[in-house]
Each structure stands twice: as structure tokens, then as C-alpha cells.
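Okay, so here's the structure we're looking at.
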Amino acid sequence: MLVMTSGEYAQLLKNERQRQGISQTEMAEKLGVSRRWLIEFEHGRVPNPGFATILNMLSALGLSLDVRKTPHPTKSYEW
């Protein structure tokens with residue numbers, strides 16, 4: 001999936017968390033953050049969660065990061 005914004009990234013992770021049946025409380029515990037922080041993140045109100053947190057979120061959901069060179073440099077991120 002091509003992700004263009006931090007809001008799209010947050011929505012992707014929220015959808016995957018819900019698809020896997022992981023509660024916000026469980027996910028927050030896995031990440032070492034508060035449930036409130038996770039709620040704010042999932043609503044797109046955490047503009048820069050930090051790269052380590054991004055990698056931890058992906059790992060907790062069994063996802064991986066795939067970095068590729070795009071033909072036209074843009075501010076996009078492919079997950």
C-alpha cells in the first residue's frame with residue numbers, strides 16, 4: 001500500500017489492529033505507550049511518532065517496511 005501522509009499511516013495501522021482483533025489497550029501495552037497516546041495517533045493528532053515507534057507498530061502487527069526508489073521523488077511512503 002502506498003502511504004502519502006502520516007494520517008494515512010495512522011489509518012492503515014488502526015485498520016490492521018482492528019482486523020487482527022487487538023484492542024487499543026493491548027496495542028498500547030505492546031508499544032509501551034499510553035492508550036490515550038494511541039487514540040491520538042489513530043486520529044492523526046500525533047504528527048511525528050518517531051521512527052522507532054513506527055517500526056515497533058509495524059512489528060507488533062506483523063507488518064514490514066518496504067523502501068523503494070520512486071521514479072519521481074515525492075513525499076510518499078510505501079508500506
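The values are calculated or read from the model by the stated rules, or taken from the named source; none is laboratory data. These numbers come from a predicted model, not from an experiment. Counting neighbours? That spans all protein chains shown, and the Cβs are built from the backbone with ideal geometry, glycine included.
Name the one entry in Ile22, Ile39 that is of a type in the set (A, V, I, L, M) and touching a residue at least 24 places away in the same chain (Cβ under 8 Å).
Result of the check over Ile22, Ile39: Ile22.
Which one is modelled with the highest pLDDT, of the residues in the stretch 18-51 that are within 13 Å of the chain's Cα centre (by Cα) and exposed (fewer than 14 other Cβ atoms within 10 Å of the Cβ)?
It comes out as Gln18.
For the stretch 30-40, give me each residue that is in a helix (DSSP H, G or I) and under 11 Å from Met57 (Cα atoms).
Residues satisfying the conditions are Lys30, Leu31, Leu38.
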